[in-house]
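As structure tokens, the structure follows; a few thoughts come after it.
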Amino acid sequence: MIGLGEKLSFRYLLAFAVCGMLLVGLGCASQSEPEAQAPAPTAPAAAAPAVAPTTAPASAPTTAPPSKQPEGELVVGVPLLHPLVQLQEKDANGTVGGPGTDFQIYEGIFRAQFTEPGVIPSQEEYEPEIAESWEIAPDFNSATLNIRKGIMWHNDWGELKAEDVVFTFNNSFKVGSVSNAGEQLSPGHREGWEVIDEYIAKMNVVPGEFSPTWGTLHGGLGWDSTFGMTCKHCFEEIGESAFISTPIGTGPYVAKKWVGNDEVEGEAQIDHWRIVPNIKTLRVFEMPEDATREAAIRTGEVAITKISVKKVAGIIDDTNGVAVPMGLPNPNTIYFSGNYWAKVCPECEEMDLLKEPRPGFLPDDEHPWIGNPFADGCDYDAMFSSVPPPDGSVCPEMEGPRKVRWAMSMAIDRQAIVDNVMDGFSDVAYTAMHTQFPPGDPNFQEEWTVPFDPAMAREYLAEAGFSDGFSVVFWATESVPNTWDPELADAVAEMWREHLNLDVTVDKSPYASRRPETVTKEMDVPWLHGWGMPPGGTKAPFFCPTPGHLGGAELPAVVCDVNYENDIEPNVDKRIENSIYFQNYMAYWHINAAVATVKSFWVQLPEVKEWHPYWGSSFNNPATVVIE
């Protein structure tokens, strides 16, 4: 029961997948979602061929399902609703490919496989959506997508075509883009898209850099904050300012209202090409406070909402509702920002980081957690050649801050936080890659364990020259409490005060207010973040040189290059091996310190007779909801 005992009742959904292999270990199209209408008959899944075909099988005909009349209203409470930013290059919060596709206002080129709650979908098999089929070139330098005909933009904006797909992707990674979706793409997949003809789009790939899991970041529904398609000619006709805030999608819900930090309202499209919603009106309200959402579900003001794991059991008792586990747990992790150690940023306008250091690279007494690998006495290449580094390669300007970071980590009583702050509904975490390598996993390395040892922590701090402590700002936003728990941050801060005599100021300012500092590389304070990732995934884009958003640190190329291999490595065991290598460096240098996991639960009232959410941490797939 996922740690909540008999008080919770979980609904496990049947998933029926029909998958045709695109490339063995590289991609697949499938049709598996339990939809509102009766499913078409499906053929048995074929055995994997001896020689992998290079095309995805065409999906069902594009004829729209029989019309029906949706009825009623579905009201949902969510912790956060960003203002819509429909233009990818400016969509730093991923509004189109996040809530936009989750609420089914927008659609992706394909979507994730449908799975039971809590079950990670395939990283290499995808369900066709706007792209009805695709073909990967034999040299893996491109993929050609056949765009489904007859998909219409909302509000009489005409038909979606290949130019819209190309516009969406190219705009996301153009120079100067802050697109949340674009910056997640592996570098090899930012080569550029082109229109082949009216209904054929081509994705170009840097030779040798085709990603075996490319669909997880290019798709839409079922993955968090990826891509929904946007309308090119709409942008050209109404201009950037109006386009940014005027929702124009192709999904089964037409947006009637999108007011950031307030409400999104959608109306069912009865002639949608794929699925007709059961519910006529979808209303999603921002309810940032846990207490507000708890009261709303108890009084029936909302039918579905996200509930803190610490409160789920009581809510179920009071409402007779059902709790649905969604997505991976988030390992709440402290990023010791300012450790910008890379020499080169290949994709940056100014590539030479020695010539133009990051503004947050401030290795001084006011930032004792920031190391300086360029100081006299440090042998940069030797120091990062192995873990631990060769004798004599590390200078005091690196070893001292390393001990400070370890001291701050060892002063945290993780088990006490799990027991007392998270009420036991959490797990101790030590690494940013916790969901890949949790303690007890065969691949977990014992040297990644961080003991709770205040005496050793104080000793380390004294050796670094800070026996009397220091002042530190700890940014722990309250904007998304069910992802990054502010009470956890308060507990960490108190432990630093008690055990290390640190003067801690907890900055709880909104995520949107400080996130730009992670893009400009001005971020120079410890901050609370972290997210889950399936085995074999790479976190290199978040801790390696990039012009976009990252975790306040940039590791050297010798470390990053290995984990970047996961973008193109087809063998999952090899990808896991690369991630272990990467984590060894992060653990030794301790540029981040995970504390505990925060799990994601959504509660539905008994009146909700059906809801088939895709894997992912946010409310999604409202078209499948049935209310009595």
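Remarks
- Apportionment of accessible area to carbon and sulfur, the chain, percent (1.4 Å): 51 percent
- Residue order for 426, 241 - accessible surface, 1.4 angstrom probe, largest first: 241, 426
- Only aspartates and glutamates eight or more places from residue 609 in sequence, or on another chain, were considered; those with a Cα closer than 16 Å are 35, 71, 73, 628.
- Under 18 Å from the Cα of residue 256 - lysines, other chains or at least 8 residues apart: 280
- Calculated FRET efficiency for the pair residue 256/residue 344, C-beta based, R₀ 45 Å, to 0.05: 0.40
- About the Cα centre, charge dipole magnitude for the chain (Lys/Arg +1, Asp/Glu -1 at Cβ), debye: 1200 debye
- Remark on residue 340: its backbone amide H falls under 5 Å from those of 554, a criterion applied only to residues 5 or more positions apart or on other chains, H modelled at 1.01 Å from N.
- To the nearest 10, the accessible area of residue 466 is 30 Å² with a 1.4 Å probe.
- Long-range amide H partners of residue 429 with built H, under 5 Å: 595, 596, 597
- Segment residue 242-residue 137, length gained on full extension (0.36 nm per residue, minus Cα span): 34.0 nm
- Rolling a 1.4 Å probe across the protein heavy atoms gives the chain an accessible surface of 37 Å² per residue.
- For semi-axes √(5λ) of the Cα gyration tensor in Å, calculated from these coordinates, the label among (1) 50, 31, 20; (2) 59, 29, 24; (3) 40, 29, 22: (3)
- Rounded to the nearest 0.05, the FRET efficiency derived from the C-beta distance between residue 320 and residue 519 at R0 = 45 Å is 0.50.
- Accessible area ranking (1.4 Å probe, heavy atoms, ligands and nucleic acids excluded), largest first, for 253, 588: 588, 253.
- Amide hydrogen neighbours beyond the local backbone of residue 263, cut-off 5 Å, H modeled: 286
- Computed from label points 7 Å out along Cα-Cβ, the spacing between residue 423 and residue 558 is 4.9 nm.
- Qualifying lysines (Cα of each under 28 Å from Cα of residue 521; at least 8 residues distant if same chain): 90, 174, 343, 355, 403, 508, 539
- The sum of -39500 (n - 2.57) across all DSSP H runs of n ≥ 4, divided by the residue count of the chain, sets its helix-only mean residue ellipticity at 222 nm to -6000 deg cm²/dmol.
- R0 of 45 Å, Cβ-Cβ distance residue 574-residue 156: FRET efficiency to nearest 0.05: 0.35
- Of all DSSP beta bridges in the chain, antiparallel share, percent nearest 5: 75 percent
- Distance in nm between pseudo-label sites at residue 382 and residue 610 (7 Å out along the Cβ direction from Cα): 6.8 nm
The values are calculated or read from the model by the stated rules, or taken from the named source; none is laboratory data. Just so we're clear, the structure is a prediction, and the values are computed from it rather than from any experiment. A quick note on method: Cβ atoms are made from the backbone with ideal geometry, for glycine too, and the neighbour counts reach across all protein chains shown. Protein only, heavy atoms only, side chains kept; ligands, DNA and RNA dropped before computing areas. Shrake-Rupley method; radii C 1.70, N 1.55, O 1.52, S 1.80 Å.
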